[in-house]
Structure formats: C-alpha cells, structure tokens
1. In the stretch A:66-90, which residue that is touching a residue at least 40 places away in the same chain (Cβ under 8 Å) and open to solvent by less than 60 Å² (accessible area, probe 1.4 Å) is farthest from the chain's Cα centre (by Cα)?
2. Based on what the data block shows, is A:Glu82 among the acidic types (Asp, Glu) and part of a helix (DSSP H, G or I)?
3. For B:Ser38, work out the one condition from (1) open to solvent by 100 Å² or more (accessible area, probe 1.4 Å); (2) within 19 Å of B:Ala143 (Cα to Cα) it doesn't fulfil.
4. Can you tell which of B:Lys68, B:Lys104, B:Lys89, B:Lys134 is more than 10 Å from chain A (Cβ to nearest Cβ), among the basic types (Lys, Arg) and in contact (Cβ under 8 Å) with a residue 60 or more places away in the chain?
5. Kindly evaluate A:Thr126 against the criterion of being among the hydroxyl-bearing types (Ser, Thr, Tyr), open to solvent by less than 50 Å² (accessible area, probe 1.4 Å) and within 20 Å of B:Tyr132 (Cα to Cα).
6. Tell me which residues, restricted to the stretch A:47-65, are surrounded by 11 or more Cβ atoms within 10 Å (Cβ to Cβ), within 14 Å of the chain's Cα centre (by Cα) and in a strand (DSSP E or B).
7. Can B:Glu174 be described as surrounded by 20 or more Cβ atoms within 10 Å (Cβ to Cβ), modelled with pLDDT of 80 or more and assigned to a helix (DSSP H, G or I)?
8. May I ask you to list pairs of residues, at least six apart or on different chains, whose Cβ atoms are under 7 Å apart, with the first in the stretch B:39-50 being over 24 Å from A:Ile54 (Cβ atoms) and the second being at pLDDT below 70 and open to solvent by 90 Å² or more (accessible area, probe 1.4 Å)?
Amino acid sequence: MSRFKKSSGKQVKAINTASLPDIVFMLLFFFMVTTVMRETELKIQVRVPEATEIKKLEKKSLVSYIYIGKPHRALQKTFGSEPRIQLNDQFATPEDIRDFITSEREQMDENDQKQMTVSLKIDKDTKMGIVTDVKQELRKSSALKINYSSTKKVDESLLR
Amino acid sequence: MARRDIQEINAGSMADIAFLLLIFFLVATTMDIDTGISRLLPPMPEDQEKEDDQEIRERNVFVVLINKDDQLFVEREVVDISQLRDMTKEFFVNPNDDPSLSEKRPLEVEFFGEMMVSKGVISLRNDIGTSYGKYIAVQNELAAAVNELRNDLCMERFGKKYDDLDPLDETENELIDAVKKVIPMAISEAEPRITTK
C-alpha cells in the first residue's frame, strides 16, 4: 500500500499530439495528388454537364482550354450577364480564337502539333449559338480534336 | 552508470510546417475536371459550293433535331431522350430489313470476314437557342448507342467488351479498328438554323 505513490499534481494529462503532424501530412498528400496548380483565374462560372461516354484527357501539355459561361456576379455589372468566351485570362470573341490556337500551337513541338486537343469547358445553360461559332472557328484553324468537358454520370440503365 | 537518454528532436514545429504547406496547396490549386466526350470536327470544305459529294438516300439518314425549347425530334416525331438510344440502335442494326431504316452493304473486314455494314448516317441539327446541356445529353445518348452496339458485337464474337480492349496492344488495336469499320460512329452536324416554331 505504501508503495503506491500518488502523483503529486492532480492535473489532467494533456492530449498526446504526437500524431497531429501525421494527420496533417495525410491531408497534404491528398491535396498534392488530386489537385492541379491553378493557371487561369476563371472570370466566369462554369458548371459542366454530366455524361456517361467520357474519356480522360491524356498529355495535359497538349491541351488548350476554352471556357464559355456567364461572368461571376461581381463582374456582371461591367461585363453583362450573357455567356462569354474566356481564353487564358481574358474575355474574347470568336474571332480571337484563331490567334489563340496559333499561339498555343507555337508553344508545342512540331511533332506534337497534330495531337493538340482543345478542351471546351462550357456551362450547361449556355445556348448553342455561341458554341457553334466557336466550333466553326476551330474548324477554320484546323484544331479538329475537341473534347466537351463533362463529369462522369452514373449510367442508370446499368443499375436497373 | 546508466546511459543518459538520447535527446530527441523537438517535433513540435513539424505540425506548423505541415499546416503551412497544406494551406498553400488549398489556396493555389483547383480540382480540375479532365474528362469529357471526345469528338473529331470535320475539316472545312475546300470548295464552298459542293459540300456533299455523294447523295445519301433519305432512308439512310437518321434525322435528329433539337429546337430552342430543348425538344427532341427524331425522324420528325417528338421523342423523349430515354428512347433515343434504342431508336438509334434499331436504325443501325435494322434486323428485319425495314425499308424505312438504314440500308446495309457487304464489306470484307479483318477478323470478321464478310459483314453487312449499315450505310446509315446520323444527322444532328440544333437551333441557336438550344441549351448546351441538352445537346450534350443527345450526343451522349448517340455515342452510348454506338458503344453499346460495339460492345455487343465484340462480346458476341470474341468474348470481350469493346471498352476493355487495349489500344497499345497490336492485335487488340487491329480488333478495335475492325469493330469501328463494322459499326462506324457517323454523326454529322449540320449548321444551326433558326426554327420557326
């Protein structure tokens, strides 16, 4: 009985935080792996549609992006609320697309130029008029490989 | 004499470093969407006058129209999008050689021998006011119909699904080309027109 020593200060022991860095590193690795460094700041809001027959884009270095959608609320006073095209960081018109494609092509190797894909990230509520204009301009610039950006939808017919 | 305890590195600041890196990544990155429906646009016609060289018979053209109210018309009848896939498959396969559906012609294809290949072409037209979401849904259904036909054909003849074939393997790549010849993805998009209704 006398051998048992009472702990001198009756304090509640602090939580052992030795594993805190481990948890944080886990989160960090997750973000490092699943995200992409943001290159362009989107001035428009784009919610891509869903589809089932989709393919993953390979060789991200050979992909150029064209964004179409309505400007953000904060910018709507200056730029209006109609859907617009954004190339890199600025708003553009269909006529600017040809120059954009040429400049993107120049940044690629000769051999890779045929593999260039244009990813169209278009908001699902946009009207087809502007999309068709963009596609016509792409045809004129011979940028024929396109990809309509969409998220994977679960195929309901397979669930039945 | 007992050995002194080896001094451990104070790891208290490791958590701080980790938090800093985490916040940096949270702020500077986006979860980008890199998937989508791939398409090949037709090149611009050289000669503006003659756009269609061959006359395609009306029965071989599967007309799909979307008007500005996002209504779907197939062969001039109003159709719900859920029926589009089956109607497209029926048009291409045409099991009973119905004269209102596509014609077939014999074609010699590697791995398959002589097959009756459909001459059908899908003609997709939309209005300027059609919404993009609906357009993608229709494109998706048409692509799904073609893929399902390809999967069924491949499964029937070779016991594998077309989606599972690997394009990097030589024989499988040739098989992919053969299946594509038997069931081509022939979707032709017309210039949008303002529909009167």
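1. A:Pro83
2. Spelling it out, it is not the case that A:Glu82 is among the acidic types (Asp, Glu) and part of a helix (DSSP H, G or I).
3. (1) is the only condition that B:Ser38 fails.
4. Within the list B:Lys68, B:Lys104, B:Lys89, B:Lys134, the selection yields B:Lys89.
5. yes
6. A:Val63, A:Ser64, A:Tyr65
7. no
8. B:Pro45/B:Glu51
The values are calculated or read from the model by the stated rules, or taken from the named source; none is laboratory data. Everything quoted here is computed from the prediction, not taken from an experiment. Note that we place each Cβ from the backbone using ideal geometry, even for glycine, and neighbour counts take in every protein chain shown. Surface areas here come from the heavy atoms of the whole protein model, side chains and all, with no ligands, DNA or RNA. Shrake-Rupley method; radii C 1.70, N 1.55, O 1.52, S 1.80 Å.
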